[in-house]
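The values are calculated or read from the model by the stated rules, or taken from the named source; none is laboratory data. Keep in mind that what you see is a predicted model, and the values were worked out from it rather than measured. We place every Cβ from the backbone using ideal geometry, glycine too, and count neighbours over all the protein chains shown. In case anyone asks, the SASA skips ligands and DNA or RNA and just uses the protein heavy atoms, side chains included. Shrake-Rupley method; radii C 1.70, N 1.55, O 1.52, S 1.80 Å.
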Amino acid sequence: GAGVSQSPSNKVTEKGKDVELRCDPISGHTALYWYRQSLGQGLEFLIYFQGNSAPDKSGLPSDRFSAERTGGSVSTLTIQRTQQEDSAVYLCASSLVSQNNQPQHFGDGTRLSIL
Amino acid sequence: QQQVKQSPQSLIVQKGGIPIINCAYENTAFDYFPWYQQFPGKGPALLIAIRPDVSEKKEGRFTISFNKSAKQFSLHIMDSQPGDSATYFCAAREGSNFGNEKLTFGTGTRLTIIP
């Protein structure tokens, strides 16, 4: 498909375990964003990647959260020592950055449940 | 601190009616205001967006009204249909962050259109 692909679509894990969430952006999109959507809340920005620039990590809630983007394409969001409050839908988006105000295209998210 | 305040939280409108969703912001550095539509189990999709140099933008049945002095903007859906039932999010982006399109989202409005 031509859209943003996220895997897994659902993840259930025990408190204290580490999890990895994957995002495949749209081919050619240089910008990649991770957001978190908690129940009844809007989307909360986590981290942004653009080309070879240093990522904007200003939204990461704690040092248990980290993300990387290999080869300017696929990204992985890692949550270490998961807590119950980490339960949420994690959404990835990508966009072109050749001009301002390029729309962000979202994947369908990974629903993470921490038991 | 909620930078973009959205209301109402939920809205029920009869088919053919005009639901109106309102958002307000404080950060005068915001210069781009998109609306996203989200169906259950799916990622948000861009619906329509506006910049503060215009007071209104219309695309099909969807209209954004923008009041720069009041720092408010709203979404109107004309001739609403049951298929419009979804959660709607307003968002905003700071103009100073050229190339970083990270968005600040409202908390969402769950819209139900009854036949």
State whether one or more residues within the range B:72-84 are in contact (Cβ under 8 Å) with a residue 12 or more places away in the chain, open to solvent by less than 30 Å² (accessible area, probe 1.4 Å) and within 11 Å of another protein chain (Cβ to nearest Cβ). no
Can you name the residue in the range A:1-39 that is outside any strand (DSSP E or B), open to solvent by less than 50 Å² (accessible area, probe 1.4 Å) and within 16 Å of residue A:84 (Cβ to Cβ) and is also farthest from the other protein chains (Cβ to nearest Cβ) among such residues? A:16
Could you please find all residues in the range B:22-37 being open to solvent by less than 50 Å² (accessible area, probe 1.4 Å) and either out of contact with any helix residue (DSSP H, G or I) (no Cβ under 9 Å at 6 or more places or on another chain) or within 10 Å of chain A (Cβ to nearest Cβ) (or both)? B:23, B:24, B:25, B:27, B:29, B:30, B:31, B:32, B:33, B:34, B:35, B:36
Breaking point among (1) over 14 Å from the mean Cα position of the chain (by Cα); (2) without any contact (Cβ under 8 Å) to a residue 12 or more places away in the chain, for residue B:56: (1)
Checked the range A:41-58 for anything at pLDDT below 90 and touching a Pro at 6+ places or on another chain (Cβ under 6 Å); matches are none
Among the residues of the range B:38-71, what is the count of those that are away from every other protein chain (no Cβ under 11 Å) and in a strand (DSSP E or B)? 10
